[in-house]
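Presented below is the structure to which this report refers.
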Amino acid sequence: MTTILSARNVTKAFGDNTVLHGISVDIDAGDMVAITGPSGSGKSTLLYALSGMDSVTSGQVTLCGEDLTQLSQKELARLRLTHMGFVFQQIHLLTNLNVLDNIIFPAFLAGLAPRDELVERAQELMQNLGVESLARRDITEASGGQLQRAGICRALINKPRIIFADEPTGALDSENSRQVMDIFRDINAAGTTIVMVTHDEDIASSSPRRVHLVDGLVDYDTRTDEQ
């Protein structure tokens, strides 16, 4: 397998508080990885470091052949737009745009295709995820589960190589959580790498790979076919 993401001796400190203590991990293209651990273990901090959303104090993070620690903010932003998708617990959609325009917004920023092509792709994604009826609606007219699916459409609009998800089911009920994870598994089966933080044991145990943190260190890194 080809390594798409590699971290070497990554540390992250906030003032005198060191959250990550020299983490090293490799993630292959096509992996679906759940990052787990107790509260305060550094799960989200690691996710943000791996995605370049936050800088590291020391160490190296390489994503899609690029050393994130050597890129400018402009270069990082471009890499995020063209190679990464993001799904968060709280769906950060723009209130002045309808659902469809929220989905195509990252692609508009990236300038990857004309608007009509972006709209066509967004409509296809929305149909696949069961939210096509929301296209022209205001985001206030959608439920939490619908908005999360719209957020996944937005994460996929630029055909990313990797998706980073921070507690993607944290604000959803059990049925919507199940649906979102089914969508993630389908996305992963189509070849997209997924790295997600979760506190949900059912989700973690059903993930093909699990990286468990304790006190800012990797406690164990297992695959289901090795258990």
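Every number in this text was worked out from the coordinates using simple rules, so none of it is lab data. Quick caveat, the model's predicted, so the values are computed rather than measured. Quick reminder, even Gly has a Cβ in these numbers, built from the backbone with ideal geometry, and neighbours come from all protein chains shown.
Taking the convex hull of the alpha carbon positions in the stretch 84-198 and averaging its projected area over all directions gives 6.4 nm².
For residue 33, nonlocal amide neighbours, meaning residues 5 or more places apart or on other chains whose placed amide H falls under 5 Å from its own, are 194, 195, 196. Of all DSSP beta bridges confined to the chain, the antiparallel ones make up roughly 55%.
What's the Cα-based Rg to Rh of the chain, Rh via Kirkwood? Looking at the chain, the ratio lands at 0.96.
Given the peptides 10-22, 187-199, 160-172, arrange them by the average over their residues of other C-beta atoms within 10 Å, most packed first.
The densest-packed peptide leads the list: 160-172, 187-199, 10-22.
What you get for the stretch 159-200, charging only the Cβ of Lys and Arg (+1) and of Asp and Glu (-1), is a dipole of about 320 debye around the Cα centre.
Backbone geometry of the stretch 179-190 corresponds, through the Karplus equation with coefficients 6.51, -1.76 and 1.60 at θ = phi - 60°, to 3J(HN,Hα) couplings of 5, 4, 5, 4, 5, 4, 5, 5, 4, 5, 4, 7 Hz, x marking Gly and Pro.
Each of 203, 109, 98 was placed along the dipole of the stretch 3-222 (beta-carbon charges, centred on the mean Cα), and the one lying farthest toward the positive end is 109.
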